[in-house]
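What follows is a single structure, written as structure tokens, with notes after it.
The values are calculated or read from the model by the stated rules, or taken from the named source; none is laboratory data. Since we're looking at a predicted model, the values are computed, not measured. Here the Cβ positions follow ideal geometry from the backbone for every residue, glycine too, while neighbour counts run over all protein chains shown.
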């Protein structure tokens with residue numbers, strides 16, 4: 001009988017997903033969510049706001065999406081780099097909400113940080129894939145360009161947030177945009193680091 005082998009990024013994603021669900025079941029979300037008015041006194045909310053969710057569907061969808069994205073990019077991003085992408089994107093989103101979107105008073109959920117992880121993997125894959133042929137590049141290009149089209153088209157240019165009935169609250173596309181921007185930059189940095197490592201090996 002064949003055993004299911006999970007990569008380190010997948011195992012890490014499962015552990016984090018279980019932690020997210022346990023946090024939703026046990027911790028009061030109000031105490032951990034991003035709240036603009038309390039950031040000076042409780043700066044940990046810049047990070048913990050991305051670990052709590054509004055309801056069970058919200059938490060379950062993000063937990064499942066975390067594993068899917070982690071599995072998709074496991075060949076290109078180690079568990080450590082995936083953790084870096086999630087943490088950096090979460091902090092970038094909180095900073096963007098605080099400085100650029102003062103009308104958004106509170107925020108919960110991992111979806112923005114997941115956008116960061118998604119675009120970190122897509123950008124690195126697109127920039128490092130070899131050989132540079134259409135057969136090898138169409139998939140990362142589709143993920144990267146299609147993802148950015150989704151993020152751009154969902155932005156509320158009039159400043160109004162769209163309410164999702166299943167969520168029971170407004171969706172915050174601005175968080176997706178900040179996560180996507182952070183992930184794109186981070187993916188490019190990881191790709192540059194890989195290129196430099198390759199050059200150093202060639203010189204030896």
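Observations on the structure shown:
- Residues satisfying the stated conditions in region 122-142, i.e. assigned to a helix (DSSP H, G or I) and within 22 Å of residue 85 (Cα to Cα): 122, 123, 124, 125, 126, 127, 128, 139, 140, 141, 142
- Subset tally (residues that are over 18 Å from residue 117 (Cα atoms), touching a helix residue (DSSP H, G or I) at 6+ places or on another chain (Cβ under 8 Å) and in a helix (DSSP H, G or I)) for region 19-53: 5
- In the set 95, 103, only one residue is part of a helix (DSSP H, G or I) and over 12 Å from the mean Cα position of the chain (by Cα); that residue is 95.
- Of all residues making up region 127-140, the number that are in contact (Cβ under 8 Å) with a residue 12 or more places away in the chain and more than 26 Å from residue 61 (Cβ to Cβ): 2
- Of the candidates 170, 123, 178, the single residue that is under 24 Å from residue 39 (Cα atoms) and crowded, with 19+ Cβ neighbours inside 10 Å is 178.
- Criterion violated by residue 6 - all others in (1) modelled with pLDDT of 95 or more; (2) surrounded by fewer than 20 Cβ atoms within 10 Å (Cβ to Cβ); (3) part of a loop (DSSP other than H, G, I, E, B) satisfied: (1)
- Residue that is farthest from residue 123 (Cα to Cα) [pool: residues in region 56-66 that are in contact with a helix residue (DSSP H, G or I) (Cβ under 9 Å, 6 or more places away or on another chain) and surrounded by fewer than 15 Cβ atoms within 10 Å (Cβ to Cβ)]: 56
- Residue 114 being assigned to a helix (DSSP H, G or I), surrounded by 21 or more Cβ atoms within 10 Å (Cβ to Cβ) and touching a strand residue (DSSP E or B) at 6+ places or on another chain (Cβ under 9 Å): no
- Test: residue in region 67-90 that is touching a helix residue (DSSP H, G or I) at 6+ places or on another chain (Cβ under 7 Å), over 22 Å from residue 191 (Cα atoms) and free of Cβ contacts under 8 Å to residues at least 60 places away in the same chain: yes
- For region 68-79, a residue qualifies if it is crowded, with 17+ Cβ neighbours inside 10 Å and either closer than 22 Å to residue 168 by Cα or at pLDDT 95 or above (or both), and the qualifying residues are 69, 70, 72, 73, 74, 77, 79.
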